[in-house]
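Everything on this sheet refers to the single structure shown next.
The values are calculated or read from the model by the stated rules, or taken from the named source; none is laboratory data. Model, not experiment: these values are computed from the prediction. Cβ atoms come from the backbone with ideal geometry, glycine included; neighbour counts cover every protein chain shown. Keep in mind that these areas ignore ligands, DNA and RNA; they rest on the heavy atoms of the full protein, side chains included. Shrake-Rupley method; radii C 1.70, N 1.55, O 1.52, S 1.80 Å.
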Amino acid sequence: MANISKINGFRPVKHVTGAPYNGQSNIYAVAASDNTALFVGDVVKLAADANTQGVQHVTAHAAGVAATGQPALGVVVGVINTKLDPVTGNMSGGSISLDTPVYRPASTAQYVLVADSPDLIYEVEATAAGSAYAFAVADVGQNANIFAGAGSTSTGNSAHSLNMSDKGTAATLPFKITGVAAKVGNEVTGNYTKVNVQINNHQFKSVGTVGV
């Protein structure tokens, strides 16, 4: 049975030791001046400063230079409501809408939760710049860039995927393919394969290793 395309960003599944991912994350801030919306599953990188509470800013990751890319920090796994300040514990008045998609709108000061451990393995769909890509077993071990598609403000789904059009062995490429996601309905080869990747060029460690 052929795979079905379901691009919804990067999802942490386990650590390189084989231990399951249990939701661990750290709080980061997104500046009001940042005009790119963020969605759960989006890859982020560190920004140049912090907010008034001293919390480091992050911003959306972009592919950068082809076949080179840029370092990554981790993946957004949660968005904290603007009415809650997780640093001070204060909550502003008014109701909270619970029936709208959860994402960080553009140009909004907000906190996000990021899975930022350098040893995490993520599941993601392999694409050719967001379109169908025929994955092959020879691709395992290669490094690749991301395709930073724009998420849906209607569903709240991320549109980030692994861009196999920009694969190679360069150590500066942000992700390394560690294998194919072992799950029912995921064919190893062909279009829309879900693969496991690790951040190869992580901002909390040295530059990554070359692909094989």
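General observations
- Qualifying residue in the stretch 163-186 (condition: small (Gly, Ala, Ser), modelled with pLDDT of 95 or more and touching a Leu at 6+ places or on another chain (Cβ under 9 Å)): no
- Scan of the stretch 59-86 for residues that are in contact with a Gly (Cβ under 8 Å, 6 or more places away or on another chain) and open to solvent by 40 Å² or more (accessible area, probe 1.4 Å), ordered by number: Ala67, Val77, Lys83
- Here Ala60 qualifies as under 24 Å from Phe175 (Cα atoms) and in contact with a Ser or Thr (Cβ under 9 Å, 6 or more places away or on another chain).
- Cβ-Cβ under 8 Å pairs, at least 6 apart or on other chains, the stretch 6-22 side part of a loop (DSSP other than H, G, I, E, B), far side aromatic (Phe, Trp, Tyr): Lys6/Tyr192; Gly9/Phe39; Phe10/Tyr122
- Checking Ala48, Ala32 one by one, the residue that is assigned to a loop (DSSP other than H, G, I, E, B), among the aliphatic types (A, V, I, L, M) and surrounded by fewer than 13 Cβ atoms within 10 Å (Cβ to Cβ) is Ala32 and no other.
Residue by residue, here is whether (1) within 25 Å of Val79 (Cα to Cα); (2) aliphatic (A, V, I, L, M); (3) exposed (fewer than 15 other Cβ atoms within 10 Å of the Cβ) holds:
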site: Ile121; (1), (2), (3): yes, yes, no
site: Ala128; (1), (2), (3): no, yes, no
site: Pro174; (1), (2), (3): yes, no, no
site: Ala182; (1), (2), (3): no, yes, yes
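- Number of the exception - Thr178 against (1) open to solvent by 40 Å² or more (accessible area, probe 1.4 Å); (2) closer than 13 Å to Ile7 by Cβ; (3) within 17 Å of the chain's Cα centre (by Cα): (2)
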